[in-house]
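The values are calculated or read from the model by the stated rules, or taken from the named source; none is laboratory data. Treat the numbers as computed from the prediction; the structure is a model and nothing was measured. All Cβ positions, even for glycine, are placed from backbone atoms using ideal geometry, and neighbour counts span all protein chains on display.
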Number of protein chains: 2
Amino acid sequence: MTDDLTHAAEHFALTLSQYGLQRMTARVMAALLFTQQDTMTAGEIGAQLGVSSGAMSGALKNLTELGMIEKVPAPGSRRDHFRFRDSAWATLMSKQNTALTLMTEAADEGIKVAGADSPAGQRLADMRDFYSYMLSEMPALIERWRTRTSQSG
Amino acid sequence: MTDDLTHAAEHFALTLSQYGLQRMTARVMAALLFTQQDTMTAGEIGAQLGVSSGAMSGALKNLTELGMIEKVPAPGSRRDHFRFRDSAWATLMSKQNTALTLMTEAADEGIKVAGADSPAGQRLADMRDFYSYMLSEMPALIERWRTRTSQSG
DNA sequence: GTAAACTTTCAGAGATCTGTGAACACTTAG
DNA sequence: CTAAGTGTTCACAGATCTCTGAAAGTTTAC
């Protein structure tokens, strides 16, 4: 049972790492996502994955900055306890808006240099139009999900 | 002038490669995006970037599979001519739906193993709900953009 | 204050990824 | 069919990334 879960977690981590996430970050995230406990300590995760404390520290810092996990105060324990955040996935998706902004800015930059009437300028205008459209729609889309779940939950 | 454009292209490629795209793929894409010509041959791109034909072949294959660029028949030329596709960005965004599907499936898989009522099962259900929401909304969002631009363009 | 229990940092070994260059495969002209 | 011009594949060298392990830093208990 626990073995199956651990296996599913490692499989999921492998998939994620093929989509750009660092391997260790993906594995730690999967461990916290698939655990039957509410929280896990760095030591517990490290033992389960068989990796060093240094690797844990980096991955946990990463995930915390991404807003996927959080440190939970644990009275009577000297260890840091980590937990998957409630809105982790919506937060992660929102972070991708940063990429949309970068794309829009890069296109604008290019148009300035190429000239709006040139072939490159036209091409870059298409790009800018698409990304500014996405940038205007995505936040509302995510907001609608947040509203929906806060009502029913 | 051309130098500025080339510089903007390389800068853009560097940014993209920090967001998970392979470096060479990003550079070739940027070259085709920022060029003032309608099409470029593999040789032209290779010369401009100072890279080998082998690297070109791989990157062009990559971009073609992604749906970002296309081969253009060029009568009287033995070389392949490549061009940025009109709907490249919308296509690219649509491809990310594959990732959404994978996430949804991984969550379902986990719920089966963990049990829907368990802590892990609850956590995974949150994940599945979010990604199936995104999966149901994204295609419509992109379709709306396609419709909008085909009307005005 | 000191000691014990953890966590963080970081240099370097090892693993992984990427581009080159040459050999091979294709395609077209004649 | 042959030859020339291109495109593709692939082994390997070099570049890059990642994890370990140990030292330094931090926090808590007393």
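Some values worked out for this structure:
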read-out	value
A:Ala99, sole failed condition from (1) within 7 Å of chain B (Cβ to nearest Cβ); (2) in contact with a helix residue (DSSP H, G or I) (Cβ under 8 Å, 6 or more places away or on another chain)	(2)
Candidate set: the range B:101-127, residues that are closer than 19 Å to A:Met138 by Cα and buried (at least 20 other Cβ atoms within 10 Å of the Cβ); chosen: the one modelled with the lowest pLDDT	B:Met103
Odd one out for B:Lys61, checked against (1) outside any strand (DSSP E or B); (2) in contact (Cβ under 8 Å) with a residue 24 or more places away in the chain	(2)
The range A:103-128 residues that are within 7 Å of chain B (Cβ to nearest Cβ), paired with ones that are outside any helix (DSSP H, G or I) and surrounded by 14 or more Cβ atoms within 10 Å (Cβ to Cβ) (beta carbon under 8 Å, 6 or more apart)	A:Ala114/B:Gln36; A:Ser118/B:Gln36; A:Pro119/B:Thr35; A:Pro119/B:Gln36; A:Ala120/B:Thr35; A:Ala120/B:Gln36; A:Arg123/B:Phe84
Residues located in the range A:51-73, provided they are small (Gly, Ala, Ser), under 19 Å from B:Arg123 (Cβ atoms) and surrounded by fewer than 19 Cβ atoms within 10 Å (Cβ to Cβ)	A:Gly67
Selected residue [more than 9 Å from every other protein chain (Cβ to nearest Cβ) and within 24 Å of A:Thr39 (Cα to Cα)] from A:Ala90, A:Ala74	A:Ala74
Considering residues of the range B:35-52 that are within 14 Å of DNA strand D (Cβ to nearest atom), β-branched (Val, Ile, Thr) and in a loop (DSSP other than H, G, I, E, B) only, the residue farthest from the other protein chains (Cβ to nearest Cβ)	B:Val51
Residue under evaluation A:Asp117, criteria (1) more than 26 Å from the chain's Cα centre (by Cα); (2) closer than 30 Å to B:Arg123 by Cα, criterion not met	(2)
Residue in the range A:64-98 that is farthest from A:Pro139 (Cα to Cα), counting only those that are in a helix (DSSP H, G or I) and in contact with a Leu (Cβ under 8 Å, 6 or more places away or on another chain)	A:Leu66
Out of B:Ala13, B:Ala26, B:Ala8, sole residue that is in contact with a helix residue (DSSP H, G or I) (Cβ under 6 Å, 6 or more places away or on another chain) and either modelled with pLDDT under 95 or away from DNA strand C (no atom under 12 Å from the Cβ) (or both)	B:Ala8
Residue in the range A:12-34 that is surrounded by 14 or more Cβ atoms within 10 Å (Cβ to Cβ), within 14 Å of another protein chain (Cβ to nearest Cβ) and more than 19 Å from the chain's Cα centre (by Cα) present	no
Residue in the range A:71-85 that is under 27 Å from A:Ala26 (Cα atoms), at pLDDT below 95 and within 15 Å of the chain's Cα centre (by Cα) present	no
Test: residue in the range B:97-113 that is more than 16 Å from DNA strand D (Cβ to nearest atom), more than 27 Å from A:Leu33 (Cα to Cα) and among the hydroxyl-bearing types (Ser, Thr, Tyr)	no
Matching residues in the range A:78-114 - criterion: being within 16 Å of DNA strand C (Cβ to nearest atom) and out of contact with any strand residue (DSSP E or B) (no Cβ under 8 Å at 6 or more places or on another chain)	A:Arg78
